[in-house]
Amino acid sequence: RKEVEQDPGPFNVPEGATVAFNCTYSNSASQSFFWYRQDCRKEPKLLMSVYSSGNEDGRFTAQLNRASQYISLLIRDSKLSDSATYLCVVNIKRGSTLGRLYFGRGTQLTVWP
Amino acid sequence: EAGVAQSPRYKIIEKRQSVAFWCNPISGHATLYWYQQILGQGPKLLIQFQNNGVVDDSQLPKDRFSAERLKGVDSTLKIQPAKLEDSAMYLCASSLTQRPLHFGNGTRLTVT
């Protein structure tokens, strides 16, 4: 079983729509969580960290449910520029190591006019 | 602040040839990572350095891949000999300890 599972999509939504992505992780030792955004043929860029209490950054809201081991990302009022692949990332520490980041395969979003 | 620098941007080689990638992390970032991203998949960690020491290389195919970070700054990743399945984007990233990653532009490798 993969450490991080994401629905690869694609999600195709009109401008202004609200869209939500979910991600599940398998290791309860997971300690920190992130969403990265990756444009076609570009490098991933940090979108936001995910905090236990949930957090919001403009049109983006991230939630963490430790009991069910899933993370979500909600995008409100979608813009054309939101079209990208969204990567769910989990940091798992084992023993005294610094931890390793595990990336999901990404969920592809296309916003159409 | 200057970002993570990688070179080359693109490389095309034939199978069984050798190739090397270079990375210069953000100044002051102690942790440096090399990731392999195959098309349609998420990045997979190959090796993680903390200063000039290896922290995690458990997913590095050591029979053909090697990496070094001799002075705790720049790093090189080498593949020798390359296989068709090594075609991928190779991403270098750096971070302050326990902080989010900053990625370079990546090197897109095609093995024919």
Query - The listed residue being within 22 Å of residue A:87 (Cα to Cα) and basic (Lys, Arg), out of B:15, B:44, B:71, B:11 - result: B:44
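Matching residues to (1) crowded, with 20+ Cβ neighbours inside 10 Å; (2) within 14 Å of another protein chain (Cβ to nearest Cβ); (3) over 15 Å from residue A:84 (Cβ atoms):
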{"position": "A:8", "(1), (2), (3)": "no, yes, no"}
{"position": "A:14", "(1), (2), (3)": "no, no, yes"}
{"position": "A:22", "(1), (2), (3)": "no, no, yes"}
{"position": "A:25", "(1), (2), (3)": "yes, yes, yes"}
{"position": "A:32", "(1), (2), (3)": "no, yes, yes"}
{"position": "A:36", "(1), (2), (3)": "yes, yes, no"}
Query raised in the report: Checking residue B:79 against (1) under 25 Å from residue A:5 (Cβ atoms); (2) at pLDDT 95 or above; (3) not hydroxyl-bearing (Ser, Thr, Tyr), which test does it fail?
Result: (1)
Query - Residue match in segment B:11-28 (condition: within 14 Å of chain A (Cβ to nearest Cβ), of a type in the set (Ser, Thr, Tyr) and open to solvent by 20 Å² or more (accessible area, probe 1.4 Å)) - result: no
Report summary line: When every residue in segment A:19-36 that is part of a loop (DSSP other than H, G, I, E, B) and in contact with a strand residue (DSSP E or B) (Cβ under 7 Å, 6 or more places away or on another chain) is compared, the one modelled with the lowest pLDDT is A:29
Query raised in the report: Take the residues of segment B:67-84 that are without any contact (Cβ under 8 Å) to a residue 40 or more places away in the chain and assigned to a loop (DSSP other than H, G, I, E, B): which is most open to solvent (accessible area, probe 1.4 Å)?
Result: B:71
Query raised in the report: In this structure, is residue A:50 under 18 Å from residue B:41 (Cα atoms) and modelled with pLDDT under 95?
Result: no
Requested in this report: Please state which one of B:41, B:48, B:59 is at pLDDT below 95, open to solvent by 80 Å² or more (accessible area, probe 1.4 Å) and within 11 Å of chain A (Cβ to nearest Cβ).
Outcome: B:41
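The values are calculated or read from the model by the stated rules, or taken from the named source; none is laboratory data. What you see is a predicted model, and the numbers here were worked out from it, not measured in a lab. Here the Cβ is made from the backbone with ideal geometry for all residues, glycine too, and neighbour counts use every protein chain on show. Just so you know, the surface numbers come from the protein's heavy atoms only, side chains and all, with ligands and any DNA or RNA stripped out. Shrake-Rupley method; radii C 1.70, N 1.55, O 1.52, S 1.80 Å.
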